[in-house]
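Input: a single structure, listed below in structure tokens.
The values are calculated or read from the model by the stated rules, or taken from the named source; none is laboratory data. Computed from a predicted structure; not experimentally measured. Positions of Cβ are generated from backbone atoms using ideal geometry, with glycine treated the same way; all protein chains shown enter the neighbour counts.
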DNA sequence: CCGCCGATCGGAAACGTTTACGGCAATCGG
DNA sequence: CCGATTGCCGTAAACGTTTCCGATCGGCGG
């Protein structure tokens, strides 16, 4: 069932059918209705590849995510929600979605760029990838519109979307301060990653604003995974002036810190309060439940497609670097920082 | 840069270029090499929509997942790993991947089928969706090749891929039995879901094989989420002949049961051993770490694409219902069932 | 020397759309 | 009543490939 057949049965030309189905003005309401009805009766579905071929646009955008971490069998538990958010935001904007795969170890740089050309993709959304991915470097350097969530790339038509990491960290520290804590330590993520650096900056800013002293041993660097949080917790709990609260830049590390406290015979939140970042699924499952700075996944998703549409529609390559989109976070207070429980 | 331009620069016809790049035999090695070199120099990438149009196949398969659960903001934490597995398995088989979106509340049944026609998709992989999804019902009833992981659909060209739920449950019970437990209870998933029913069947089979009595109050139905496991645990711990071990058909429920034990002043695993199912991320993060029946996500992924390829290649609609593919599970013994810790 | 065959290539017709262009009525302003 | 405008529609040319059908050419057996 193609457009020719449908045209034959409707008694009109293929041009008219095309116009009717695409809501063009130059067709009478009567024939439009007739064609519409017949199309749905016959189960006609337009052939997208053919449309793409002649229109030179596919209404499709590409999606690529990490690849780095899963080599270690480690998934970013934050990713799934982001994925869903992006998916629904894109389909709300009537885009189709194609998953791109980062190539194996071959020197297939430019794989993503090739995929974009092959499929006529109009843009790419990138989710939390390591900053040294060469495929992505090539992509960002090209003129392909890119929107990256929690990525470190810049380029001629690349825009970054990110949570307000600094403000989130600041709110966490503020919260701990209001609970009466004055000795607040932090465990950071790998500081070469922008989100990790920004969260540390927020922590430092809050401390200075609140007049809290931050001895150097109060800041330890982790890798976002559980074990590093546990090690950091152990270290922090053995310094002379033991902190009474810890802000961890990631939930897994926060849970690790709680484990360290338990091992040291300390009770959370009585002896040590802990606040994490991200609100991964496990945060609500552990006991005590983890207080955390929740990222607005849906907000990140819609901001990414909005930004991407902006890039796609703007024909001119913006000379001014596109402003990053910052999405506010939300502090979730749960058992790990709520003395009353 | 299209094939015509490339042909012009190579001094041959478009037909020859096409043959050279597609590894057809009727072209000499010399010209093939020259064309190849020129193509990569000029950054030529074939236009997939055009190829799809004329070849009538897209080398693309569709992917659809739940949609039901995320309405409640609840994600299946097991999904992300499955997604990655399917993605890599598909790209290893040189397929492209398109994400399908389940429509909103409109009566858009047939949306998936339409998408398949529109994009010339060669098959669809379905991940853990509710059994009452009408879009999927339509899809499964069609002749579109479908491979479903943990789904309840059957159809003319639909094959089901699933973990060996019964054997996994049996292994869990066997493990608890070997630890000395004789009063082993279970909390199941919603029993209208095949995986939940199969896990219960495995539990029952193991109990009967081991000569364990199963009083009716030892079997309680949950919904795979945390709260239901906590409630079930509370109930199980208050029956007259209190069980010493619980097999939960899902990790979140298992964690809930552990919480219930803690609330009752019982220590896990000393007073109560708990084994879960799935090995979600949180299983390794909670304390005590959760013993669980791990599903082989990678195995499920490759089995799904293998099965799908089988369906695609077989031109004849198999009159015999396709045999489901069963993937073995692996018992992970961690703190929640290891008395030594 | 002649017909045949295999290897290698080119010409051109598809594939299913969209859209520029032109045509034909009916309508309208004067 | 006439020219111009407007509304509606059909014809046909693209879009970038693949592939069928020949064509050419050198070699080979008879």
Residue satisfying all of: in the stretch B:41-56; within 12 Å of DNA strand C (Cβ to nearest atom) and in a loop (DSSP other than H, G, I, E, B); farthest from residue B:9 (Cα to Cα) among these: B:56
Counting only residues in the stretch A:261-286 that are touching a strand residue (DSSP E or B) at 6+ places or on another chain (Cβ under 9 Å) and in a loop (DSSP other than H, G, I, E, B), the one farthest from residue A:181 (Cα to Cα) is identified as A:280
Evaluate the stretch A:23-40: report whether one residue or more is within 14 Å of chain B (Cβ to nearest Cβ) and more than 7 Å from DNA strand C (Cβ to nearest atom). yes
In the stretch A:80-107, what residues are more than 18 Å from the chain's Cα centre (by Cα) and closer than 17 Å to residue A:129 by Cα? A:103, A:104, A:105
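Taking the stretch A:91-109, which residues are more than 8 Å from chain B (Cβ to nearest Cβ) and modelled with pLDDT of 85 or more?
The initial filter retains those residues of the stretch A:91-109 that are more than 8 Å from chain B (Cβ to nearest Cβ), namely A:92-95, A:100, A:102-109.
Answer for the stretch A:91-109, where residues must be more than 8 Å from chain B (Cβ to nearest Cβ) and modelled with pLDDT of 85 or more: A:92, A:93, A:94, A:95, A:100, A:109.
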Could you check the stretch B:8-18 and list, in sequence order, the residues that are part of a helix (DSSP H, G or I) and within 7 Å of DNA strand C (Cβ to nearest atom)? B:14, B:15, B:16
Taking residue A:140 as the residue in question, decide whether it is in contact (Cβ under 8 Å) with a residue 24 or more places away in the chain and away from chain B (no Cβ under 12 Å). no
Check whether at least one residue in the stretch B:137-150 is surrounded by 19 or more Cβ atoms within 10 Å (Cβ to Cβ) and modelled with pLDDT under 90, and report yes or no. yes
Hey, any hits in the stretch B:51-71 for a residue that's facing chain A (nearest Cβ under 9 Å), away from DNA strand D (no atom under 16 Å from the Cβ), at pLDDT 90 or above and surrounded by 19 or more Cβ atoms within 10 Å (Cβ to Cβ)? yes
Of the residues that make up the stretch A:197-211, is at least one out of contact with any helix residue (DSSP H, G or I) (no Cβ under 9 Å at 6 or more places or on another chain), part of a helix (DSSP H, G or I), buried (at least 23 other Cβ atoms within 10 Å of the Cβ) and free of Cβ contacts under 8 Å to residues at least 24 places away in the same chain? no
Residues of the stretch B:263-298 being in contact (Cβ under 8 Å) with a residue 60 or more places away in the chain, surrounded by fewer than 22 Cβ atoms within 10 Å (Cβ to Cβ) and away from chain A (no Cβ under 14 Å), in sequence order, are B:270
Would you mind stating whether residue B:128 is within 13 Å of chain A (Cβ to nearest Cβ), surrounded by 16 or more Cβ atoms within 10 Å (Cβ to Cβ), within 17 Å of residue A:95 (Cα to Cα) and at pLDDT below 90? no
Select from the stretch A:20-31 the residues that are within 19 Å of residue A:2 (Cα to Cα) and near DNA strand D (Cβ under 7 Å from one of its atoms) and list them in ascending order. A:31
Tell me which residues, restricted to the stretch A:41-50, are at the interface with another protein chain (Cβ under 10 Å from one of its Cβ atoms) and away from DNA strand D (no atom under 15 Å from the Cβ). A:43, A:44, A:45
Here the qualifying pairs (Cβ atoms under 6 Å; residues six or more apart or on different chains; first in the stretch A:47-60 and farther than 14 Å from residue A:123 by Cα; second in a loop (DSSP other than H, G, I, E, B)) come out as A:52/A:58; A:52/A:120
Of those in the stretch A:110-125 that are touching a strand residue (DSSP E or B) at 6+ places or on another chain (Cβ under 8 Å) and assigned to a loop (DSSP other than H, G, I, E, B), the residue nearest to the other protein chains (Cβ to nearest Cβ) is A:120
Name the single residue that is surrounded by the most Cβ atoms within 10 Å (Cβ to Cβ) among those in the stretch A:5-18 being within 10 Å of DNA strand D (Cβ to nearest atom) and either free of Cβ contacts under 8 Å to residues at least 12 places away in the same chain or within 14 Å of chain B (Cβ to nearest Cβ) (or both). A:7
